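Taken together, the values in this text are just the output of simple stated rules run on the coordinates, not laboratory data. Because the structure is predicted, anything quoted here is derived from the model rather than measured. For neighbour counting, all protein chains shown are included, and Cβ atoms are generated from backbone atoms with ideal geometry for every residue, glycine included.
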Ligand SMILES: CC(C)(COP(=O)(O)OP(=O)(O)OC[C@H]1O[C@@H](n2cnc3c(N)ncnc32)[C@H](O)[C@@H]1OP(=O)(O)O)[C@@H](O)C(=O)NCCC(=O)NCCS
């Protein structure tokens, strides 16, 4: 998985969780979010192929026009470090998030998902995560999601073929 977490780190030895807040995603965030999603280690973890710039912009143009999609920028100590969304995932509400690699392992995704769940009361929420993406599964489980099964995800232009864990927050 490349640069991820030092297993010797524990909650006691890690830096404290930074001050995390969520706000609406703005069009001027898109170039930064685009850079986040180019990272090879992050793409391997999420089992996806990165989007090129025009596809990424088109995706976000669609998000801005679609009020049912919840999209929040993740701000840690005043820096834009990622984003978190609730979107239509094959007919159900799915949750997704992405943190810039330089900020991994600081508790930011866990905090961001906690804040989103406090703010948005849509339930159930679903997630599908590559089984090797232990960090993401941990984030979801810490926020109350439960693994309900596993499924094979075929390779597509966007997705890398993998086994996925299916999680739900009722
Ligand atoms: C997955 C991702 C969102 C995690 O973000 P993060 O801010 O580093 O997550 P946090 O620091 O809040 O929590 C990570 C948890 O996973 C744990 N973890 C990390 N690697 C692990 C591993 N290999 N095995 C088990 N647990 C692991 C951490 O110890 C931590 O748990 P803890 O706080 O109980 O110790 C981030 O790595 C990322 O954006 N990856 C690329 C995109 C992606 O995978 N998105 C999700 C697609 S489903």
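Brief remarks on what is shown
- Approximate spin-label separation residue 38-residue 23, in nm, with each point projected 7 Å along Cα-to-Cβ: 2.4 nm
- Packing, taken as the mean count of other beta carbons within 10 Å per residue, orders the peptides 147-153, 108-114, 125-131, 66-72 from highest to lowest as 108-114, 125-131, 66-72, 147-153.
- Computed helical MRE - 222 nm, the chain, DSSP H runs ≥ 4 contributing -39500 (n - 2.57), nearest 500: -8000 deg cm²/dmol
- Rotationally averaged projected area of the chain (alpha carbon convex hull; nm²): 9.7 nm²
- DSSP bridge pairs, the chain: antiparallel proportion in percent, nearest 5: 95 percent
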